[in-house]
Amino acid sequence: MKVTNIGQKNTILKHFLSEIRDVDKQNDSLRFRRNIERIGEVLSYELSKELHFSSKDVTTPLGTKNINLISDRIVLCSVLRAGLPLHQGILNYFDFVENAFISAYRHHLSEDEFDIKVEYLAAPSLEGKTLILADPMLATGKSLVAVYQILKKLGKIDTIHLVSVIAAQEGIDFIKDHFPEDTHLWVATVDQKLNSHGYIVPGLGDAGDLSYGPKL
Ligand code: URA
């Protein structure tokens, strides 16, 4: 698996990341969601450099210009519910793609032990498609692997791009063994550890709750 951590350079992205982490700023949920969107936009721009392009003639009022345009047939799939603002950010740039949604939640067996339940799927065929799979927090990696097990039944996927905002090194190491070798993971930043509840440290807390409020 190829991993691109776009947060290594000093860019405006650091401002968006700092605001989603900062306890004094992250509880403004409108701002939190918009920052996740903005990070999705930056990640999309970087990811677009790895797609396939073919040339097309575009007619202007004054003539014709030959322009290279993306030729991949892309399906953007997000993991509910925390994936929604990231989905929107990616869709702001890749506005011509098909969309898929899948749910994944942690079903706790004990305080520190859980498995992943997938109960909802709305997706087009993935046969021959480029899949962009978005999950803002790559923590244990178990949900990404669980959703991939379902998605791969929808057709032979051509290429997979995984998009996350914050990834834990442990999660990256885990998913490497479960996705095809040519999968490309795009992250905005990498944190070093997980706590005993499988949350990323320092991370930002619960991305779903910060976006949409607490759940039972
Ligand atoms: N999901 C989150 O929202 N935060 C984490 O740290 C891990 C998973």
Could you give me the ³J(HN,Hα) list for region 168-173, computed from phi with Karplus coefficients 6.51, -1.76, 1.60 and θ = phi - 60°, whole Hz, x at Gly and Pro?
8, 4, 4, x, 4, 4
Distance in Å, no decimals, from the C-alpha centre of region 74-102 to the one of region 1-32 is 19 Å
Where does the charge balance sit around P136 when Lys and Arg score +1, Asp and Glu -1, over other residues with C-beta under 11 Å from its C-beta?
-1
Ranked output for segments 69-75, 81-87, 120-126, 144-150 by mean other Cβ atoms within 10 Å, highest leading, reads 81-87, 144-150, 69-75, 120-126
Per residue of region 37-52, in order, report the coupling 6.51 cos²θ - 1.76 cosθ + 1.60 (Karplus, θ = phi - 60°) as ³J(HN,Hα) in whole Hz, putting x for Gly and Pro.
4, 4, 5, x, 5, 5, 4, 4, 4, 5, 4, 4, 5, 9, 7, 8
Region 1-54: relative contact order from alpha carbon pairs under 8 Å, six or more residues apart, as a whole percent, is 31 percent
Sorted by chain and then number, the residues having a modelled amide H within less than 5 Å of the amide H of K129, at least 5 places away or on another chain, are D158
Under a 5 Å amide H to amide H cut-off, with H placed in plane at 1.01 Å, what residues pair with L194 once short-range neighbours are removed?
V201
Of the listed pairs K129/K153; K2/K142; K2/K117; K56/K129, those with alpha carbons more than 22 Å apart are K2/K117
Helix-only [θ] at 222 nm, the chain, -39500 (n - 2.57) per DSSP H run of 4+, per residue, nearest 500, equals -9000 deg cm²/dmol
Can you give me the long-range amide H partners of V163? Hydrogens built in the peptide plane at 1.01 Å from N, cutoff under 5 Å, separation of 5 or more residues or another chain.
L133, A134, D135, W186
By the gyration tensor of its Cα atoms, with a ≥ b ≥ c the square roots of the eigenvalues, what is the shape of region 1-89: rounded for a/c under 1.5, prolate for a/b over b/c, or oblate?
prolate
Any chance you could give the angle, 0 to 90 degrees and rounded to 10, that helix 83-93 forms with the longest Cα principal axis of the chain?
20 degrees
HN-Hα J couplings of region 53-65 from phi, Karplus 6.51/-1.76/1.60, θ = phi - 60°, integer Hz, Gly and Pro as x?
10, 9, 7, 9, 8, 10, 8, 9, x, 10, x, 10, 10
Orientation-averaged projected area, Cα convex hull of the chain (nm²):
13.4 nm²
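The numbers here are math on the coordinates, done by the rules we state, and not lab data. None of these values were measured; they are calculated from a predicted model. Cβ: placed from backbone, ideal geometry, glycine included. Neighbour counts: every protein chain shown.
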